[in-house]
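S.K.: Following this message is one structure expressed as structure tokens.
The values are calculated or read from the model by the stated rules, or taken from the named source; none is laboratory data. Given the structure is predicted, the values throughout are model-derived calculations rather than measurements. Note that each Cβ is placed from the backbone with ideal geometry, even for glycine, and that neighbours are counted across all protein chains shown.
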Amino acid sequence: MIDIATAGIHADDKIAVKPDISAPIHVSTTFAYDNDPSKLVPAAEATFNKHDMVYSRLSSTNVNRAEEVLGQIAGGNAVLYSSGLSAFHAMMIHLNPKNVFIGEGYHGCHAILDILKRNYGVKVHPLDADPAILQKGDVLHLETPVNPYGVHFDIEKYAKIAHSRGAILTVDATFAPPPLFDPFAYGADIIMYSATKYFGGHSDLLSGALLLRDDKATQSLLVDRESIGTIPGSLEAWLLLRSLRTFKLRILAQTDSATKIVKYLADNKSKLSKITKIHHASLQSEDFVKKQLPHGGPPVFSIEVTDSQTARELPSKLKYFHHATSLGGVESLIEWRAMSDETVSPQLLRVSVGLEDTDDLIEDLRAALA
Ligand SMILES: *Cc1c(COP(=O)(O)O)cnc(C)c1O
């Protein structure tokens, strides 16, 4: 396999439009059929092939190119969606489980399961429920590192539980895309990413991805996506493709910076009296964390402060962290998490580290906390 830095720039060369070096922005929703009548295959006789361009709800140039690149980066077949949540929804209706085990994590995934529960009677259980409930074809969904804490769970442990019951392990690895973490290496059957975050990386596009190693399941997802209409728009896919060119540089720099900031906060906790807790994978001591996340933690961490008023005020004291939800962009963000998630402590602030200079960010946090 080629390195992800090279994949990010060359994986789509074979389907590139010549002689362009940078990908042109294609916006056409419809594509001409072959002009040779003998080559026309009527729908009744055709099998869906995303490389036969017909209509942009089925596939489009920019989506195909971004899938090629993302697939090589993440080591599987990539299927892109209009958002991370539409990717999660597609995965659930494809697998069609009777029971889903799921832990803490992104509130939107829980909201989708609430819809499946309401409409189809899907049963939702805690991540550590009795494995005996799991039947063949059920789903154990692990989000790791988990939102909003950036703390890592042992994927191998959950892979064993799921597979011992014939269930499927799906992993939301949005917080730690490659090369930080390779869920396939530790037993994931399907990986999901919100590509809005690190793959997009510039806070200007919404997209999601599923990664699979099974060609038949990939084809089935592509066919479902055509019916449901959750392919990303061509402009979004172009933005994503452009972002993937610099993905490896960004993710490694953001991770390195976040790990240094967490270390500074942890080392100086006695002086920073407003902080009561710091959550980040780099502070976990279990062996599986070092093994599964060899680069340190994800570029997101959380802190808890003495009281909710301090949590409400801290973002307004910072120069380089915008007070906003989301993560993964070049701009550092901080969020008083109570603004978007009702389930977490009102003393919690989630920090997404961008690409500013690490020392500038540390000084900004130090001054604001003082
Ligand atoms: C943002 C996010 C999602 C949802 O992705 P969207 O692109 O916003 O739909 C899912 N899981 C995690 C961990 C996320 O951070």
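S.K.: So which of 265, 221 is under 30 Å from residue 349 (Cβ atoms), in a helix (DSSP H, G or I) and not acidic (Asp, Glu)?
M.R.: 265
S.K.: Could I ask something else about it? Please enumerate the residues belonging to the stretch 298-349 that are within 16 Å of the ligand (Cβ to nearest atom), outside any helix (DSSP H, G or I), in contact with a Ser or Thr (Cβ under 8 Å, 6 or more places away or on another chain) and more than 20 Å from residue 360 (Cβ to Cβ).
M.R.: If the condition is that a residue be within 16 Å of the ligand (Cβ to nearest atom), outside any helix (DSSP H, G or I), in contact with a Ser or Thr (Cβ under 8 Å, 6 or more places away or on another chain) and more than 20 Å from residue 360 (Cβ to Cβ), then 298, 325, 326, 340, 348 are the ones that fit.
S.K.: Test residue 71 against the criterion of being near the ligand (Cβ under 9 Å from one of its atoms) and assigned to a helix (DSSP H, G or I), and give yes or no. Walk me through how you get there before you give the answer.
M.R.: Numbers: near the ligand (Cβ under 9 Å from one of its atoms): no; assigned to a helix (DSSP H, G or I): yes.
No, not satisfied.
Yes or no, residue by residue, for (1) modelled with pLDDT under 95; (2) within 18 Å of residue 212 (Cα to Cα); (3) not hydrophobic (A, V, I, L, M, F, W, C):
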| site | (1), (2), (3) |
| --- | --- |
| 36 | no, no, yes |
| 41 | yes, no, no |
| 46 | yes, no, no |
| 63 | no, yes, no |
| 66 | no, yes, no |
| 70 | no, yes, no |
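S.K.: Separate question: What tally of residues in the stretch 1-54 results from selecting those that are within 25 Å of residue 250 (Cα to Cα), part of a loop (DSSP other than H, G, I, E, B) and in contact with a Ser or Thr (Cβ under 9 Å, 6 or more places away or on another chain)?
M.R.: So the count comes out to 3.
S.K.: Of (1) away from the ligand (no atom under 15 Å from the Cβ); (2) surrounded by fewer than 21 Cβ atoms within 10 Å (Cβ to Cβ); (3) within 30 Å of residue 252 (Cα to Cα); (4) not small (Gly, Ala, Ser), residue 96 satisfies all except one. Which?
M.R.: Every condition holds for residue 96 apart from (3).
S.K.: Just the residues that are assigned to a loop (DSSP other than H, G, I, E, B) and either aliphatic (A, V, I, L, M) or farther than 16 Å from residue 175 by Cβ (or both), please, taken from the stretch 268-297.
M.R.: Once the filter is applied, which keeps residues that are assigned to a loop (DSSP other than H, G, I, E, B) and either aliphatic (A, V, I, L, M) or farther than 16 Å from residue 175 by Cβ (or both), the stretch 268-297 yields 268, 269, 270, 271, 272, 273, 274, 285, 286, 293.
S.K.: I need every pair where a residue in the stretch 156-177 that is among the basic types (Lys, Arg) has its Cβ under 6 Å from the Cβ of a residue that is buried (at least 24 other Cβ atoms within 10 Å of the Cβ), sequence separation at least 6 or different chains.
M.R.: So the pair list comes out as 165/134.
S.K.: Filter the stretch 206-231 down to residues that are under 24 Å from residue 182 (Cβ atoms) and among the aliphatic types (A, V, I, L, M) and give me whichever is nearest to the chain's Cα centre (by Cα).
M.R.: Looking at residues that are under 24 Å from residue 182 (Cβ atoms) and among the aliphatic types (A, V, I, L, M), I get 209.
S.K.: Among the residues in the stretch 232-240, are any within 16 Å of the ligand (Cβ to nearest atom), more than 13 Å from the chain's Cα centre (by Cα) and either assigned to a strand (DSSP E or B) or acidic (Asp, Glu) (or both)?
M.R.: yes
S.K.: Right, here's the next one. Among the residues of the stretch 149-207, write down those that are of a type in the set (Lys, Arg) and within 13 Å of the ligand (Cβ to nearest atom). Break it down stepwise before answering.
M.R.: Of the residues in the stretch 149-207, the ones of a type in the set (Lys, Arg) are 157, 160, 165, 197.
Scanning the stretch 149-207 gives a single hit, 197.
S.K.: Is it the case, given these coordinates, that residue 190 is at pLDDT 95 or above, closer than 17 Å to residue 83 by Cα, in contact with a Lys or Arg (Cβ under 7 Å, 6 or more places away or on another chain) and buried (at least 20 other Cβ atoms within 10 Å of the Cβ)? Walk me through how you get there before you give the answer.
M.R.: Values: at pLDDT 95 or above: yes; closer than 17 Å to residue 83 by Cα: yes; in contact with a Lys or Arg (Cβ under 7 Å, 6 or more places away or on another chain): no; buried (at least 20 other Cβ atoms within 10 Å of the Cβ): yes.
It is false that residue 190 is at pLDDT 95 or above, closer than 17 Å to residue 83 by Cα, in contact with a Lys or Arg (Cβ under 7 Å, 6 or more places away or on another chain) and buried (at least 20 other Cβ atoms within 10 Å of the Cβ).
S.K.: Quick check on residue 112: is it surrounded by fewer than 21 Cβ atoms within 10 Å (Cβ to Cβ), at pLDDT 95 or above, within 30 Å of residue 179 (Cα to Cα) and within 14 Å of the ligand (Cβ to nearest atom)?
M.R.: Values: surrounded by fewer than 21 Cβ atoms within 10 Å (Cβ to Cβ): yes; at pLDDT 95 or above: yes; within 30 Å of residue 179 (Cα to Cα): yes; within 14 Å of the ligand (Cβ to nearest atom): yes.
When the stated conditions are applied, residue 112 passes them.
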